[in-house]
Amino acid sequence: MLLFIFLPIVSVVMQSMHIDHEQVFVEVENCDFFGCKKATMVDADATAELKKEQPLGRFVGLSNYINRAHLATSEVADAWRNKDSLGDFYDRVYNLPLYRAIIFTLVYTFTVTPLLIILGFLIAIAVNSLHQRLKGLVIFFSLLPMIVTPLVGSLILFWMIDSRGIIGHSLQMLFDDPDLSLKASTSLTWITLMVYGVWHSAPFAFVIFYAGLQTLPQDTLESAMIDGASRWERIRYVVIPHLTPLVTFVALIQLMDNFRVFEPIVGFNASAHATSLSSIIYTDLGGESQLLSSASTTSVLTILGVIILLSPVLYRTWRDWERKV
Amino acid sequence: MTSTVVENKSIKLRLFTSCFIALWLLVAAFPFFWTFWGSFKVELDFFSKENWMNAITGIRTLREHGTAFTIEGYEGAWVQEEFWKAVINTALVCLFVVCTSLTIGTLGAYALSRSGFRYAFWLLIIALVFRAMPPITLVAGYLLPFFEWGLWGKLSTTIVVLVAINQPFTLWMLHSFFQKIPKDLDESAMVDGCTHFQAFRYVILPVMWPGVITTGLFSFLLAYNDFAVTAMLLSKENQTMVPKIAGFLGTTQTEGNVMFAVAAVVSATAPLFVLVMFFQRQIVSGLTAGAVKG
């Protein structure tokens, strides 16, 4: 485990500090009947040899982190100095790839998570009041969007929202706009991705809340009823407080899951309009030229992001543990 | 008087909840049935510009093939594009990942849960961090050494990587299951003359089966659903299903063979469908195991 978990991290950090070798140039004198010309040529052998000697590439320290493709410190500072307004500053920053990915990832994470908690809670309450026999069936169908492979699930939805697919076509009819396409505009793509996110993860929240509802103390509910609490008041003052620890749990898990949003972007073919941190790593790695160092730099930054996101949780777990022991 | 008011309200409420559930079921399940139904049609029906009813009735399919159903998409995917190879690869990867991680997991988690030291805390932390870390960040680190050592593109490499990524989670889950089994059980087995291993094999494991199955299910799902690792670490001829489908998208959209991809997607979903049908209870219990305990 040590080998496969910590070594890659070390390797990623190492790679992020190197860039590809420059090509080795040699000056060659070509002499023919008309005299000698000097030409610069790429010495392929020497380049290959250099690559063999140091497969990592040249050591460049932290400069990978601050170049335009990543933190782009000089560009951001530049944009800040020359900004006309905050909106203008935002536009400029948004044009930098890493910041675009960060913005999308954060917006996605913090929109989808609350929405799916609410939806999951509503479904759980509704299912709980169902007849016993129906419950199993409903749970079966509810699990499907969550269990299905994320890429496959997003493809299924992608085909349905295609302008020739059922949902896309219906939307066109609804808004009476034959050119309406969910894939063409950035904001619509974002909304589609988030709808997919909620669809995919709501079952998880539902299952957890449903299990929590089974352990709901009946006595408290009954005494609330005797005290004259209405249905709504019972939910507000008895059920929700009972489920609060579960809400924290679901929120935590889903924050982590949504932070690494990746497959839907590939499935929806949306990389032109929305990129997440994971998807830019994927594009870097998958391209023709395999930009390993660039990908590693983004990876390191993502891992840092995860740690920042997790640090309050880790701290709390540690405290709880200390108390228990 | 009051009782009728309550009654009225509950009928209205019941109506509302039923509608809500029906709506949710539609949202959750309809896409799957739609795609399943559509996979037996030709492309012009599934993506119909004129009328979406075409996808249900299959007018063009009827015109082209004489029946409203065609298995052309499946034929194209399975035979022409050799999707069956990907299926075999997926089966191999899943089988080995589940077996390996369960073997390491049960032995390791048993040892951890009986040692009593603070391993458990660090295990939890590692499992948490790994849950949160996108696997693709690690892939960048694997690639270069694997290229160097010539390990890239092989199924076995991918299996090892998947097991490694999966292990903290598996260990944590099994650990919490083992913790529920009282220590007295293995002590009494040892009093009866079992060795330590025999106690584990004949006493603890039978009690543990539900936990092992649940954990196995989750590692199966992880291996089956993984895209980042398999897409990056496998060479073209060794691809598993999910990257293969992603590969279809690039090539088939241009050739007008979208139906191949649709058929492949349906084929990849079918096993999961069956899985949920049989193991619904284990999946639910596994999901809630961590949550309800706090």
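The values are calculated or read from the model by the stated rules, or taken from the named source; none is laboratory data. Predicted model, so just to flag it, every value in this text is computed and none were measured. So basically every Cβ, Gly included, is an ideal-geometry build from the backbone, and we count neighbours across all protein chains shown. When the accessible area is computed, the model is the full protein with side chains, heavy atoms only, and any ligands, DNA or RNA have been set aside. Shrake-Rupley method; radii C 1.70, N 1.55, O 1.52, S 1.80 Å.
Report the net charge of residues surrounding B:GLN239, where surrounding means a beta-carbon distance below 14 angstrom and charges are Lys +1, Arg +1, Asp -1, Glu -1.
Here the count lands on 0.
Size of the dipole of segment B:152-294 about the Cα centre, Lys and Arg at +1 and Asp and Glu at -1 on the beta carbon, nothing else charged, in debye to 20?
Computed about the Cα centre, the dipole is about 160 debye.
Within segment B:83-292, how many Lys pairs sit with Cα atoms under 16 Å apart, leaving out pairs fewer than 8 places apart on the same chain?
6
For segment B:74-140, which trypsin sites (Lys or Arg not before Pro) are in a loop by DSSP, counting at most 11 other Cβ atoms within 10 Å?
Counting only loop positions with at most 11 other Cβ atoms within 10 Å, the trypsin sites (Lys or Arg not before Pro) in segment B:74-140 are B:ARG118.
To the nearest 10 square angstrom, what accessible area does A:ILE147 show with a 1.4 Å probe?
10
Please state the relative contact order of segment B:83-292 as a whole percent: Cα pairs under 8 Å, 6+ residues apart?
Once normalised by length, the contact order is 32 percent.
Within the set of other residues whose C-beta is less than 15 Å from the C-beta of B:ASP226, count the net charge using Lys and Arg as +1 and Asp and Glu as -1.
+1
For segment A:192-199, what does the Karplus curve 6.51 cos²θ - 1.76 cosθ + 1.60, with θ = phi - 60°, yield as ³J(HN,Hα) per residue in whole Hz, taken in order and with x for Gly and Pro?
Whole-Hz 3J(HN,Hα) from phi for segment A:192-199: 4, 4, 6, 4, 4, x, 5, 4.
Ranked by accessible surface with a 1.4 Å probe, highest first, in what order do A:MET146, B:MET190, A:MET256, A:MET173 come?
Of A:MET146, B:MET190, A:MET256, A:MET173, the descending order of accessible area is A:MET173, B:MET190, A:MET146, A:MET256.
Please calculate the 1.4 Å probe accessible area of B:HIS196, with all protein chains present, and give it to the nearest 10 Å².
Counting only protein heavy atoms, the figure is 110 Å².
List the chymotrypsin sites (Phe, Trp or Tyr not before Pro) within segment B:78-136 that DSSP assigns to loop and that have no more than 16 neighbouring Cβ atoms inside 10 Å.
Here the chymotrypsin sites (Phe, Trp or Tyr not before Pro) that fit, given the DSSP loop and packing criteria, are B:PHE117.
Between chains A and B, what is the buried accessible area in Å², counting both sides, with a 1.4 Å probe and ligands, DNA and RNA left out, to the nearest 100?
Roughly 7700 Å².
With θ taken as phi - 60° and the coefficients 6.51, -1.76 and 1.60, list the Karplus ³J(HN,Hα) couplings across segment B:226-234 in order, rounded to whole Hz; mark glycine and proline as x.
Result, ordered by residue: 5, 10, 4, 5, 5, 5, 8, 9, 9 Hz.
Rounded to the nearest 10 Å², what accessible area does B:GLU82 have for a 1.4 Å probe in the complete protein model?
80
Using amide H atoms built 1.01 Å from N in the peptide plane, name the residues 5+ places from B:GLY153, or on other chains, whose amide H lies under 5 Å from its own.
Answer set, sorted by chain and number: B:SER235.
Could you please report the charge total around A:VAL239, scoring K, R as +1 and D, E as -1 over all other residues with beta-carbon less than 12 angstrom from its beta-carbon?
Neighbour charge sum, excluding A:VAL239 itself: +2.
As a test of reading the structure, rank B:CYS19, B:CYS94 by solvent-accessible area (1.4 Å probe, protein chains only), most first.
Greatest to least solvent exposure: B:CYS19, B:CYS94.
How large is ³J(HN,Hα), in whole Hz, for each residue of segment A:241-255 in order, when computed from phi with the Karplus curve 6.51 cos²θ - 1.76 cosθ + 1.60 and θ = phi - 60°, using x for Gly and Pro?
In residue order, the calculated couplings are x, 5, 8, 3, x, 5, 4, 4, 4, 4, 4, 4, 4, 6, 4 Hz.
For segment A:86-317, what's the relative contact order in percent, using C-alpha pairs closer than 8 Å and at least 6 residues apart?
29
Take B:GLU237, B:GLU81 and sort them by solvent-accessible surface of the protein heavy atoms, 1.4 Å probe, largest at the top.
In descending accessible area the options line up as B:GLU237, B:GLU81.
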